[in-house]
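Every number here is computed from the coordinates shown, using simple stated rules; none is lab data. Keep in mind it's a predicted model, so treat the numbers as computed, not measured. No Cβ is skipped: glycine too gets one built from the backbone with ideal geometry, and neighbour counts run over all protein chains shown.
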Amino acid sequence: MDLNGTSAIVTGGASGLGAATSRLLAERGVRVVVADLQEDKGTALAKEIGGIFAPTDVTNAESVIAAVEAAIEMGPLKSLVNCAGTGWATRTIGKDGEYASAHDLDLYRRVIEINLIGTFNCIRLAATKMSLNEPDEDGARGAIVNTSSVAAEDGQIGQAAYSSSKGGVVGMTLPVARDLAVVGIRVNTILPGLIDTPIYGTGEGSEAFKAKLAQDVLFPRRLGYATEFASLAVELLANSYMNAESIRIDAGIRMQPK
């Protein structure tokens with residue numbers, strides 16, 4: 001699928017995986033809507049790459065529709081990359097046998113709401129307008145890339161909410177791809193492993209922590225680069241024969257229980 005001259009939405013596009021993907025899409029001639037809640041970072045990045053910042057809460061339909069409309073104004077919306085997400089780490093029960101010490105149910109719901117329901121919300125609304133595009137020679141009108149995590153398959157202690165949400169993203173990939181095939185929209189999902197993003201912080205302590213994490217990586221024994229994720233995301237958008245796949249990008253790591 002030819003991306004040049006089209007528009008794209010990247011949720012969580014202001015930093016980390018989303019920012020790297022936004023930059024690479026712009027290099028490929030795509031006008032990018034940086035859809036994020038981080039206004040300062042999002043505005044600066046959009047200016048850098050010649051795109052638009054759209055303040056976006058992925059759980060809010062009106063907010064996502066505004067991002068879709070912003071993309072359409074720049075060119076035919078052919079791409080959606082869902083990078084927005086959150087995490088929470090806590091065990092299912094506490095140590096004292098008290099109900100109050102069990103996993104906070106509202107926090108569990110919040111992680112599911114953002115990571116899983118938010119992803120589907122963006123898919124359903126962006127795909128609605130993608131379906132109106134003129135098809136190419138393959139009948140293609142657009143492509144979607146979701147972000148899951150190796151935690152969908154190798155969930156660690158304390159990751160019940162996060163793994164549930166990311167496993168749901170993997171689980172929706174095939175049925176949504178089947179739903180959207182009739183209008184020529186492909187859907188794929190990436191399961192990143194340990195990627196070096198701002199979530200790990202900066203400084204000597206951060207570097208030591210990342211070095212410790214890298215010891216469990218098979219090869220190359222380091223954390224991944226956000227640009228490596230972006231490269232795969234853009235390939236999944238552009239390669240017209242990639243559909244309904246969930247692909248790990250993790251240098252061979254298999255996460256231990258903790």
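Distance between the pseudo-spin-label points of E207 and T92 (7 Å out from Cα toward the beta carbon): 4.1 nm. The C-alpha radius of gyration of the chain, expressed as a fraction of 2.2 N^0.38 Å, stands at 1.00. When each of the peptides 78-86, 93-101, 119-127, 225-233 is scored by the mean number of other C-beta atoms lying within 10 Å of its residues, the order from highest to lowest reads 78-86, 119-127, 225-233, 93-101.
Lys-Lys pairs in the chain that are eight or more residues apart or on separate chains and whose Cα atoms lie under 28 Å of each other come to 17.
Put a dot 7 Å past the Cα of L174, heading toward its Cβ, do the same for L132, and the two dots end up 3.3 nm apart. With both labels modelled 7 Å from their Cα along Cα-to-Cβ, the A61 to N239 distance reads 3.6 nm. Across the chain, the mean sequence separation of Cα contacts (distance under 8 Å, 6 or more residues apart), normalised by length, yields a relative contact order of 20 percent.
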